[in-house]
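The values are calculated or read from the model by the stated rules, or taken from the named source; none is laboratory data. On a predicted model such as this, the values are computed, not experimentally measured, just so you know. Please note: Cβ atoms are built from the backbone with ideal geometry, for glycine as well, and neighbour counts cover all protein chains shown. Each accessible area value is taken on the protein alone, full model and side chains, heavy atoms only, with ligands, DNA and RNA left out. Shrake-Rupley method; radii C 1.70, N 1.55, O 1.52, S 1.80 Å.
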Amino acid sequence: KLEALDCGKPYDEAVWDMDDVAGALSTLRDSAEALDKRQNSPVSLPMETFKCHSGESLLGVVGLITPWNYPLLMATWKVAPALAAGCTADVKPSELASVTCLELADICKEVGLSSGVLNIVTGLGPDAVLLCQGSPDVDKVSILLGRFETGKKIMARAAPMVKPVTLELGGKSPIVVFDDVDIDKAVEWTLFGCFWTNGQIAAHISSSYPYKIAKEFNERMVAWAKNIKVSDPLEEGCRLGPVVSEGQYEKIKKFISNAKSEGATILTGGLRTAHLEKGFFIEPTIITDITTSMEILEGGVLVSLCVKISTEDEAIELANHTQYGLAGAVLSGDRERCQRLSEEIDAGCIWVNCSQPCFCQAPWGGNKRSDFGRELGEGGIDNYLSVKQVTEYISDEKWGWYQSPLQAVNEKMARKLVCFIRIK
């Protein structure tokens, strides 16, 4: 309930998020136990006079910066592996949604986590972020922000200290829909990918490319979008709540207005939700007649863009047109085609015949301007570890590379004795 109240997401989604929070904590607990087992792993060497083992040591203090769209879940994605690795964590939640991170701190205190191991640092973004990344006492910065320009600044500040950084900076994710699918299933997955989390998600499915079925696909998209329940997040059956802030609200309206002035067609939505007088509500919006030069193809949320394609190659070209590469999806009954596009779409996460599933057991991250590093999965804990090797010389023999002083004296005396004997 706190999550829904704080960031505006539908209550049913917040319930799902809390299940994922518990799942992430459980999975990372298992990772910590697995880490113990793989410590001191023997390394095979070509020389019998040595033995070697490798292991991982914690990085130290990590600065974690988290967004407002999944306040507690994204914090858990970072806090859980950091603590599992043995690090201490300073978390800077978004100033737009900090409540559940503070609640997490209370829970950690309640269950006996030592003081200072987890610290929640609230405050305005720029001040707290700069404090976190600029401190020499912070050994690593890991960020989920969704803003490319901010990511560049953070990397620049970390560079003089050669401080490791993990970034996730958002995305514009395509979904390619072929004509051999059930259209209603395809429409629902497309809408789910677009309007889940009130359309405010890094892996937001913003662009759909229906193959030979654009007219019917768009008609169904409009019909389904008009049926989405937009309401108070705590109202039963809510599927779209308000966007998180007035700034975000105005930003979305500007993207829609600019797209219209550039020649795009608003099939449905684009306006304030008529029955809700207060709050930052915007109707589910479907836009078509998009060209690659339009601003909205690279920016904007809470909007689904429909672009007709004629060939598979065209689908791949358009899907890769974006500067981002977090996620992408392909819907088709042809498994070989799905495999081809999965390989050709330049993104870190590919969904086949679905959109937006996310499991903490699988690695998460993108390519191009979307990401630097990976979260979750088997290697998620490795973000907070440093690999160390220990090599031991086990022979009783001296190494023998340098001559010992005693040996040098003995050899010198032997040479003198030989010379003396020759003289005699």
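Relative contact order, percent, of the chain when contacts are C-alpha pairs under 8 Å separated by at least 6 residues?
This gives 19 percent for the chain.
Once you've got the Cα coordinates, tell me which of Lys1/Lys308; Lys37/Lys109; Lys78/Lys226; Lys92/Lys185; Lys92/Lys278 are over 32 Å apart.
Details: Lys1/Lys308 40 Å; Lys37/Lys109 28 Å; Lys78/Lys226 37 Å; Lys92/Lys185 39 Å; Lys92/Lys278 29 Å.
The answer is Lys1/Lys308; Lys78/Lys226; Lys92/Lys185.
Of Leu341, Thr265, Thr322, which is farthest along the charge dipole of segment 173-352 in the positive direction, counting Lys and Arg as +1 and Asp and Glu as -1 at C-beta?
Thr265
Could you give the size of the charge dipole of segment 173-352 about its Cα centre, using +1 on the Cβ of each K and R and -1 on the Cβ of each D and E, expressed in debye and rounded to the nearest 20?
Here segment 173-352 has a charge dipole of around 540 debye.
Of the accessible area of the chain, with the probe set at 1.4 angstrom, what percent is carbon plus sulfur?
Carbon plus sulfur share of accessible area: 54 percent.
Using the scaling law 2.2 N^0.38 Å as the reference, what is the normalised Cα Rg of the chain?
Normalised Cα radius of gyration, the chain: 1.29.
Packing-wise, with mean Cβ within 10 Å as the measure, how do 288-297, 136-145 rank, highest first?
136-145, 288-297
So for segment 173-352, averaging the separation of alpha carbon pairs under 8 Å that are six or more residues apart and normalising by length, what relative contact order in percent results?
28 percent
Can you give me the three principal axis dimensions of segment 173-352 from its C-alpha atoms, in Å, biggest first?
49, 34, 30
Write down the accessible area per residue of the chain in Å², having rolled a 1.4 Å probe over the full set of protein chains.
Ligands and nucleic acids excluded, the figure is 51 Å² per residue.
Remind me, relative contact order of segment 84-237 in percent, using alpha carbon pairs under 8 angstrom and six or more residues apart?
Working: 158 pairs, mean separation 25.6, N = 154.
RCO, segment 84-237: 17 percent.
Which value, in debye to the nearest 20, gives the size of the charge dipole of segment 155-226 about its Cα centre, when Lys and Arg are +1 and Asp and Glu are -1 at the Cβ? If you can, show how the numbers build up before the last one.
Numbers: 8 positive and 8 negative charges, 97 e Å.
Charge dipole of segment 155-226: 460 debye, to the nearest 20.
Which is farthest toward the positive dipole end of segment 1-123 among Gly23, Ala105, Val43, measuring Cα position about the Cα centre, with Cβ charges +1 (Lys, Arg) and -1 (Asp, Glu)?
Val43
Of the DSSP beta bridges with both residues in the chain, give the percent that are antiparallel, rounding to the nearest 5.
So the antiparallel bridges in the chain amount to around 35 percent.
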